[in-house]
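Report on one structure; see the data block that follows.
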Amino acid sequence: MHEEIFEARLQHVRHKDVYRSLPRPYGEGSCEIDFASNDYLGFASQHVSVPRAVPLGASGSRLLTGNSKSVESFEEEVAEFFESPKALAFCSGYSLGVGVLAALARNDDIIILDQAIHACWVDGAKLSSATTYYFRHNDLSHLRTRLTRLRQRRPRSLVYVVVESIYSMGGDLAPLVEMSRLCAQFDALLIVDEAHGVGVLGRGGKGGVVHANLEKQVFARVVTFGKGLGGAGAVWLSSQLSCAQVVNFCHSFIYTTAVSPTAVAVMQTGLRYLKDSAMKVLALQQKVEKFRCQLSAPPSLSPILSLRMDSFADLVRVYSCLKASKINVSLIRSPTVRRGYERLRIVFHSSNSAAEVQKLVEEIKNESYQWI
C-alpha cells in the first residue's frame, strides 16, 4: 500500500512538471564552462592536505564527548576574522538556520522574514513557537509597516528580522544599512545570512555586514563554508549571551554529533584560503562589474545574475542550447521559486576568462530576456 501512496505523490509532481531527480555527477573531468556553481573563488576545486593527522570523527555531541580544542580554536579564529564576539560551529548552514530560530524565538516573540529568504529559515520559523510574518522582498516600506504595527500591538516582544546579504536566486543585495536603522528604531534583532556574501563582498571577502560597516549593529550573522569558502559547515556569529542561548536550546546543535575534526580542518583551510586571497576577492569584484556591463545587467557586486524570459519553454530551449555549447548554468524552476518566476541563474567566478564570458554573451545576446 505504501508504494501506491508514494507513487501517487510522485505522479502528482510529475503532472505539475516539478519532478526532481539527481543530475549527473558534477565536477572533476567536466569540460563544461562553469557559470552555475557557488564556488566563487575556486576554492572547492583545491585539493586539501591536512597539515597534521586528525581523528576521523567527533565521537559525540558537543555537550557530551564531541567538544575539542580544535573546534574551539577554530571558532576563536573565525570570530576574530569576521570581527564578532563569539562563533559557534555547525555541520551545515541548513542545520544552523533550522535550529537557531526555534532556539531563540519563544511564544511571545515575533519573527519577520524576507519573502525570498532561504528555506532553512522558513523551516526554523515553523519549528519555533513564535509568530511569523513576512515582508515583501527587500521592501523597506513594507518592513517598516510590519515593525510599526507589531510594536504597537506587542511592545515587549522580542522581534527577529532575518535577511540575506546576497539572495541566492536573484543575486540582489539586501539594503543592510537601512534595515539596520529600522531594526534599531523598533528594537528588533537583525540576523544576516551571509551564505552568498562571504568571499564576494566586504574587506577581504568578509561579507555584506562588513561591507556596510555594521559589525557592531547586527544581532547575528551566519557564515557558511560550502559556497565561497569551498568546503562545508557553517558558523553562528553573535554575542556571548546569544551563543549561550544556542548551546542551551538549539536542538540541531545539542542533539547531533559535533562537527568532526576533519571537517574543522577543511573549514580552517577555506578560511586560510580567504585570508590569503584579498587580491583575488578584489579581482572578482572588478570582474563582476565588467561582466555585468558587458551583459547590460544592472550594476552590482553580486556574481549571481538571474535571467527571465516570456515563457518557461523559452527558458528550457535556451538552457538546452547553452548545455549543447558546453556552458553550464542553472535552470531554476518552481517550487524553488514561485511558478511564473522560473529563471536561468548565471554565476560568475574569479576563474571565468574573458573568452568564456564572451561565449556566453554570444549565446544569449539575440534572445528576448530580462534581468531580475
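Just so it is clear, none of the values below were taken in a lab; they were calculated from the coordinates. Note that the coordinates shown come from a computational prediction; the quantities given were computed from them, not determined experimentally. Cβ coordinates were reconstructed from backbone atoms using ideal geometry, including for glycine residues, and neighbour counts include every protein chain displayed.
Over all pairs of distinct alpha carbons, what does the Kirkwood formula give as the hydrodynamic radius of region 152-300, in Å?
Evaluated over region 152-300, this radius sits at 16.9 Å.
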S368-S320 pseudo-label distance in nm [points 7 Å out on the Cα-to-Cβ vector]: 1.9 nm
Backbone N under 16 Å from the E80 label point (7 Å along Cα→Cβ), restricted to region 265-279: 268-269, 271-276
Label zone at A119 (point 7 Å along Cα-to-Cβ), backbone N below 19 Å, region 80-104: 91-102
For region 208-289: rounded, prolate or oblate by the Cα gyration tensor [a/c cutoff 1.5]: oblate
Projected-area average for the chain over all orientations - Cα convex hull basis, square nanometres: 20.6 nm²
Added length on full extension, which subtracts the Cα-Cα distance from 0.36 nm per residue, S239 to M279: 11.4 nm
Length released on extending from R154 to Q46, taking residue separation times 0.36 nm less the Cα-Cα span: 33.8 nm
In region 69-275, lysine pairs with alpha-carbon atoms under 28 angstrom apart (chain gap of 8 or more, or interchain): 17
Inter-label distance, nm, simple model (7 Å from Cα along the C-beta direction), L22/R272: 3.1 nm
Computed E for T262/R203 - FRET, C-beta separation, R0 35 angstrom, nearest 0.05: 0.70
Listed peptides 228-237, 351-360 by packing density, highest first (mean Cβ within 10 Å): 228-237, 351-360
Efficiency of FRET from Cβ geometry, A355 and D108, R₀ 45 Å, rounded to 0.05: 0.20
Stretch gain in nm, segment N67-Q185, where the contour uses 0.36 nm per residue and the Cα spacing is subtracted: 38.6 nm
Shape call, region 1-114: gyration tensor on alpha carbons, a/c limit 1.5: oblate
DSSP beta bridges in the chain [antiparallel fraction, %, rounded to 5]: 50 percent
Burial ranking of peptide ranges 185-198, 73-86 (average Cβ count within 10 Å, highest at the top): 185-198, 73-86
Theoretical ellipticity at 222 nm over the chain - DSSP helices of four or more residues, -39500 (n - 2.57) apiece, nearest 500: -12000 deg cm²/dmol
Mean Cβ count within 10 Å, highest first, over the residues of peptides 38-48, 136-146, 299-309: 299-309, 38-48, 136-146
